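Throughout, read-outs are computed from the coordinates displayed, never taken from laboratory work. Computed from a predicted structure; not experimentally measured.
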Amino acid sequence: MRAHAIRKAGFTLVELMVVLAIIALLVSIVAPHYVGRIARAEEAVLRENLTLMREALDKHYADAGRYPAALEDLVTKRYLRSIPSDPITQSSATWVVIAPADPQKGAVYDVRSGAKGTGADGKPYDQW
């Protein structure tokens, strides 16, 4: 009688396998959606950061009559609180600075992402 009570207290291997199969099925359904949403969120943040920095560059040009010498000047002159990080590369040091055609107008005309790869729209990140 005692051996029978001990056997009833645990789970059988078949029961554990069924539970693990159900968990694996649920994870396989949810995981692709999760990964896709993270990528879309990173792209949305990248677009927002680029827009924010480009607006700050335009405001600097409107106020000073020339573009800043470096991105850090936007922080120094309080156009930005800090240089945002690129959500794809997870760094604020990977921004690619585009100089204006006329060097007398400053050094930072535009900024682009230094991330490798392409976005969901098929356009490379460094062309956004």
Legend entry - Theoretical gain in end-to-end length, residue 15 to residue 35 [0.36 nm per residue, Cα-Cα removed]: 4.2 nm
Inset, instruction - Name the long-range amide H neighbours of residue 98: under 5 Å, sequence gap of 5 or more, or other chain; modelled H, no Pro or chain starts. - result: 109, 110, 111, 112
Inset, instruction - Tell me which label goes with the value of Cα extents along the principal axes in Å computed from the coordinates here: (i) 94, 36, 21; (ii) 52, 24, 23; (iii) 94, 31, 18. - result: (iii)
